[in-house]
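The values are calculated or read from the model by the stated rules, or taken from the named source; none is laboratory data. Only a predicted model underlies this, so the values are computations on that prediction, with no experimental measurement involved. Positions of Cβ are backbone-derived with ideal geometry, glycine not excepted, and every protein chain shown enters the neighbour counts. The protein model used for the area step is the full one, side chains on, heavy atoms only, and it has no ligands, DNA or RNA in it. Shrake-Rupley method; radii C 1.70, N 1.55, O 1.52, S 1.80 Å.
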Amino acid sequence: MKVLVTGGAGFIGTNFIRYWLKAHPDDEIINFDKLTYAGNAESLKDLAGNPKYKFIVGDIVNEDIIGSLVEQCELVVHFAAESHVDRSIINAEEFVRTNVLGTQIILQAVREHDRRLHHVSTDEVFGALPLGSKEKFNELTPYNPSSPYAASKAGSDHLVRAFYHTYKIDATISNCSNNFGPYQFPEKFIPLVITNILEGKKVPVYGDGLYVRDWLYVDDHCHAIDLIINQGKSGETYCIGGMTNDISNLEVVKKILKILGQGEDVIEMITDRPGHDRRYAIDWSKAQQELGYQPENDFDNYLEQTVKWYQNNQDWWQRVKSGEYQRYYEQQYGKVGN
Ligand code: NAD
Ligand code: TYD
């Protein structure tokens with residue numbers, strides 16, 4: 001099968017491409033990515049020359065290119081998005097353009113060429129849960145996004161559902177919780193904390209630090225997407241989460257400090273994010289019952305693996321933090337992106 005992966009130079013897309021080529025060695029992948037600040041061509045540089053893998057730089061908002069790529073592939077796995085909440089608070093424009101308009105352009109091509117689509121979305125579309133409650137998000141939770149990022153992803157999910165109902169396209173959606181693992185851009189919480197500690201810098205914790213995320217290891221997420229693609233029912237949504245048990249941001253930082261043998265004096269409590277969602281938690285029983293989804297390990301185990309990865313791959317994240325990574329693609333192939 002030929003698979004079009006959008007946003008494959010980003011964190012989850014990079015891990016997904018590695019996962020898919022291993023799990024489905026006969027398949028071919030086209031990675032289509034704009035290489036925004038979040039796209040890193042270096043993350044997959046070892047795949048250069050692999051006959052099963054092709055990397056094309058471009059924008060999902062470009063109808064002609066998307067039309068031709070979708071036509072060439074049997075399956076589209078759509079990751080491309082603006083993904084950082086803090087950036088969406090500063091300026092929402094790119095979020096609406098890529099996440100809403102870009103998804104609509106992909107849907108149009110999927111409809112026209114009658115292809116299978118899996119759309120990757122987030123639990124942030126559901127809004128926030130109260131701290132201390134046992135409540136969890138599931139596939140029937142009403143949408144109630146708080147940030148411009150979440151609102152733009154909600155818009156993209158609604159479009160996928162509308163195209164399924166109106167045009168009977170073959171599509172599934174997953175709404176997952178916060179991912180972590182190798183190759184994550186260090187503006188996101190866990191890699192930011194690890195790399196700041198490794199650099200001897202302070203660790204910024206928003207507000208009272210008692211915000212709760214349902215941490216999902218990226219490989220478990222990739223496996224869940226594979227299960228949905230191969231066994232999921234068209235038109236359905238699946239919620240995917242990890243095994244965290246309501247751990248606060250402050251506790252996450254303390255665990256990382258313990259793994260690295262560092263004291264807690266580096267923690268710096270800073271001004272809170274506006275509209276900060278208090279708690280996310282996912283009920284993934286539908287995916288478990290219908291697809292056999294189950295995270296392989298618990299949070300502590302994955303956190304240790306992740307810390308080790310950033311310790312062993314300092315060159316990768318130091319080049320991201322210094323901006324050098326953006327010159328890699330330019331040096332190989334010429335100037336692109338923003
Ligand atoms: P990321 O920001 O690391 O990567 C996004 C990728 O998309 C980048 O490589 C970027 O260059 C590319 N891109 C952006 N705009 C584009 C455009 N117009 N055309 C083509 N490519 C474009 O994001 P991620 O963390 O890998 O997330 C991937 C997907 O998963 C997103 O849709 C996100 O909403 C969703 N998601 C992420 C998380 C998480 O914790 N990271 C959680 C839930 C859902
Ligand atoms: P983040 O990784 O930005 O993901 P999201 O906003 O999509 O959940 O943030 C995860 C949590 O960590 C969130 O509660 C905000 C918090 N946070 C900090 O406390 N300090 C930071 O510097 C960052 C980036 C996030």
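Along the Cα-to-C-beta direction of R161, a point sits 7 Å from the Cα; which residues of segment 240-279 have their amide N less than 17 Å from that point?
240
Which order do peptides 302-308, 80-86, 127-133 fall in by mean Cβ count within 10 Å, highest first?
On the way: 302-308: 18.7, 80-86: 21.9, 127-133: 14.6.
In descending order of packing, they fall as 80-86, 302-308, 127-133.
When all alpha-carbon pairs of the chain are counted, what percent fall beyond 36 Å? Each step should come with its number before you reach the end.
Details: 8336 of 56953 pairs.
Summing the P(r) of the chain above 36 Å gives 15 percent of all pairs.
How charged is the neighbourhood of K136? Take every other residue with its Cβ under 15 Å from the Cβ of K136, and add Lys/Arg as +1 and Asp/Glu as -1.
Values: positive: K134, R213, R278, R279, K286; negative: D123, E124, E135, E139, D214, D246, D277, D283.
That works out to -3.
How large is the accessible surface per residue of the chain, computed with a 1.4 Å probe and reported in Å² as a whole number?
Details: 14480 Å² over 338 residues.
Using a 1.4 Å probe on heavy atoms only, each residue of the chain averages 43 Å².
Treating the beta-carbon of each Lys and Arg as +1 and of each Asp and Glu as -1, no other charges, what is the dipole magnitude of the chain about its Cα centre, to the nearest 20 debye? Before the final figure, lay out the partial values.
Working: 34 positive and 47 negative charges, 47 e Å.
Value, rounded to 20: 220 debye.
Report the residue, chosen from I240, I225, I89, that carries the largest GNM mean-square fluctuation when the chain is represented by alpha-carbon nodes joined by springs under 10 Å.
Evaluated over the chain, the most mobile residue of the options is I89.
Can you give the relative contact order of segment 1-155 as a percent, counting alpha carbon pairs under 8 Å and 6+ residues apart?
Numbers: 256 pairs, mean separation 36.2, N = 155.
Computed over segment 1-155, the figure is 23 percent.
Anyone know which of W309, W284, W317 comes out most mobile in the 10 Å Cα GNM of the chain?
W309
Find out how many positive minus negative residues lie around A92, taking Lys and Arg as positive, Asp and Glu as negative, among other residues whose Cβ is under 15 Å from that of A92.
Once positives and negatives cancel, what remains is -1.
Would you mind listing how long segment 144-251 runs along its three principal axes, going by Cα atoms, in whole Å with the largest first?
In descending order, the Cα extents are 54, 28, 24 Å.
Using every alpha carbon pair in segment 56-125, what percent of pairs falls into each 5 Å bin from 0 up to the bin containing the largest distance?
Here the calculated profile for segment 56-125 is 3, 17, 26, 24, 14, 10, 4, 1.
Calculated FRET efficiency, K168 and I65, Cβ-Cβ r, R0 25 Å, to nearest 0.05?
On the way: r = 25 Å, r/R0 = 1.01.
With R0 = 25 Å, the Cβ-Cβ based efficiency is 0.50.
Over the Cα atoms of segment 28-163, how large are the radius of gyration and the largest Cα-Cα distance (Dmax), in Å?
Using the Cα atoms of segment 28-163, the pair Rg, Dmax is 16.4, 51 Å.
What FRET efficiency comes out for the pair E264/Q314, r = Cβ-Cβ distance, R0 = 35 Å, nearest 0.05?
Working: r = 23 Å, r/R0 = 0.66.
With R0 = 35 Å, the Cβ-Cβ based efficiency is 0.95.
Please report the carbon-and-sulfur percent of the accessible area for the chain; probe 1.4 Å, protein heavy atoms only, DNA, RNA and ligands left out. Could the numbers behind the result be given before it?
On the way: 6800 of 14480 Å².
Answer for the chain is 47 percent, counting heavy atoms of protein chains only.
Over the chain, what is the relative contact order in percent, taking alpha-carbon pairs closer than 8 angstrom and at least six residues apart? Kindly include the intermediate steps, with their values, before the conclusion.
On the way: 635 pairs, mean separation 65.0, N = 338.
Averaging sequence separation for qualifying contacts and normalising by length gives 19 percent for the chain.
By the scheme Lys and Arg +1, Asp and Glu -1, what is the net charge of all other residues having a beta-carbon under 11 Å from that of F11? Working shown, then result.
Working: positive: K188; negative: E187.
Local net charge: 0.
Over segment 42-102, what relative contact order in percent results from Cα pairs under 8 Å that are six or more residues apart? Don't jump to the answer; show the numbers that get you there.
Working: 21 pairs, mean separation 20.7, N = 61.
Once divided by the residue count of segment 42-102, the mean separation gives 34 percent.
With a point put 7 Å past each Cα toward its Cβ, work out how far I56 is from D246 in nm, to one decimal.
Label at I56, label at D246, 4.8 nm between them.
Under a point spin-label approximation (7 Å from Cα along Cα-to-Cβ), what is the N144-D300 distance to one decimal in nm?
3.4 nm
Out of all DSSP beta bridges with both ends in the chain, state the antiparallel percent to the nearest 5.
Working: 3 of 40 bridges.
DSSP beta bridges in the chain are roughly 10 percent antiparallel.
How many percent of Cα pairs in segment 288-338 exceed 17 Å? Provide the component values of the computation, followed by the final result.
Working: 781 of 1275 pairs.
Beyond 17 Å sits 61 percent of the P(r) for segment 288-338.
Can you work out D for segment 200-338 in µm² s⁻¹ from Stokes-Einstein, where Rh is the Kirkwood radius over C-alpha pairs, the temperature is 37 °C and the viscosity is 0.692 mPa s?
Diffusion coefficient, whole number: 182 µm²/s.
For segment 22-51 and segment 58-90, compute the distance between their C-alpha centroids and round to whole Å.
Taking the Cα centre of each part, segment 22-51 and segment 58-90 sit 15 Å apart.
Once label points are set 7 Å from the Cα along Cα→Cβ at both Y328 and E135, what is their separation, rounded to one decimal in nm?
In this crude label model, Y328 to E135 measures out at 4.2 nm.
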